[in-house]
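In what follows, a single structure is set out as structure tokens and then discussed.
The values are calculated or read from the model by the stated rules, or taken from the named source; none is laboratory data. Here the structure is a predicted model, which means the values were calculated and not measured. Please note: Cβ atoms are built from the backbone with ideal geometry, for glycine as well, and neighbour counts cover all protein chains shown. When the accessible area is computed, the model is the full protein with side chains, heavy atoms only, and any ligands, DNA or RNA have been set aside. Shrake-Rupley method; radii C 1.70, N 1.55, O 1.52, S 1.80 Å.
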Amino acid sequence: MTIRVLVADDEPLIRAGLRMILEEVDDVDVVAEAADGEEAVELATRLAPDVVLMDVRMPVVDGIEATTRLVARDPSARILVVTTFDLDEHAFAALRAGASGFILKNSSIDDLARAIRTVAQGDAVVSPRVTRRLLEVHAGHLPTEAPSGRSAAESLARLTPRERDVLSEVAAGLSNAEIAEKLVVTEATVKTHVSGVLTKLGLRSRVQAVIYAYDIGLVRPGGETSAP
């Protein structure tokens with residue numbers, strides 16, 4: 001199965017380089033290029049690519065806003081942010097907006113191809129552990145205390161006690177295997193609970209589950225957990 005990719009970057013040489021690189025990947029086909037976020041949204045809406053490679057710093061409409069628009073139009077949209085720095089606050093903002101992950105511009109062909117395949121399958125390519133580092137570095141705008149009122153409590157009330165435990169461990173950056181060992185359950189059971197958490201909370205990936213846990217104050221910068 002060929003993965004249809006849209007490349008969005010305001011630098012012509014970057015776009016040409018990505019196209020040239022991806023032409024060497026048998027199961028990837030670059031169907032279009034966009035020079036800014038507005039063009040990316042228009043082309044993605046019209047062509048429905050499997051994956052959008054999205055630069056975050058673009059004129060007219062940046063990659064964050066473009067990601068927001070695409071996810072709003074199509075919740076199943078798969079967007080892979082291409083960035084220069086692994087702790088880029090713009091990459092984090094794109095993850096919050098609904099991107100499925102990010103990859104560095106200096107990544108190898110194999111890593112890029114693997115990331116594209118992973119995103120095309122509906123998975124995230126940024127581990128919760130990396131997302132946690134992003135959150136802690138850019139935590140200035142995050143709540144320092146759990147939100148008051150009913151919103152956080154009502155939101156968490158949708159989860160079973162075990163699902164809530166699993167969410168806390170996902171937010172701590174643990175893998176399924178690590179969570180299974182800590183909670184003394186099977187890895188398959190953890191996968192079931194993670195799926196339940198994502199479905200009940202309307203989240204797209206484990207990455208967004210980490211962001212969600214910070215947003216509601218379940219996990220705070222520094223690693224401590226809270227019980228709303």
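Laid out as a table, the results:
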{"item": "Subset of the stretch 128-140 [open to solvent by 20 Å² or more (accessible area, probe 1.4 Å), under 19 Å from ASN176 (Cα atoms) and modelled with pLDDT of 75 or more]", "result": "VAL130, ARG132, ARG133"}
{"item": "Sole residue being exposed (fewer than 15 other Cβ atoms within 10 Å of the Cβ), without any contact (Cβ under 8 Å) to a residue 40 or more places away in the chain and either under 21 Å from LYS105 (Cβ atoms) or of a type in the set (Phe, Trp, Tyr) (or both), chosen from VAL81, VAL60", "result": "VAL60"}
{"item": "Residues (acidic (Asp, Glu) and either in contact with a strand residue (DSSP E or B) (Cβ under 7 Å, 6 or more places away or on another chain) or modelled with pLDDT under 90 (or both)) located in the stretch 150-191", "result": "GLU154"}
{"item": "Options LEU70, LEU53; residue that is touching a residue at least 60 places away in the same chain (Cβ under 8 Å), open to solvent by less than 80 Å² (accessible area, probe 1.4 Å) and under 18 Å from PHE92 (Cα atoms)", "result": "LEU53"}
{"item": "Hits in the stretch 20-40 (condition: buried (at least 16 other Cβ atoms within 10 Å of the Cβ) and part of a loop (DSSP other than H, G, I, E, B))", "result": "VAL25, ALA35, ASP36"}
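A quick yes/no check of all residues on (1) among the polar types (S, T, N, Q); (2) more than 14 Å from the chain's Cα centre (by Cα):
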| position | (1), (2) |
| --- | --- |
| ARG46 | no, yes |
| PRO49 | no, yes |
| SER76 | yes, no |
| GLY122 | no, no |
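Residue by residue, here is whether (1) of a type in the set (A, V, I, L, M, F, W, C); (2) assigned to a helix (DSSP H, G or I); (3) within 27 Å of LYS191 (Cβ to Cβ) holds:
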| position | (1), (2), (3) |
| --- | --- |
| LEU18 | yes, yes, no |
| GLU42 | no, yes, no |
| ALA94 | yes, yes, yes |
| ARG114 | no, yes, yes |
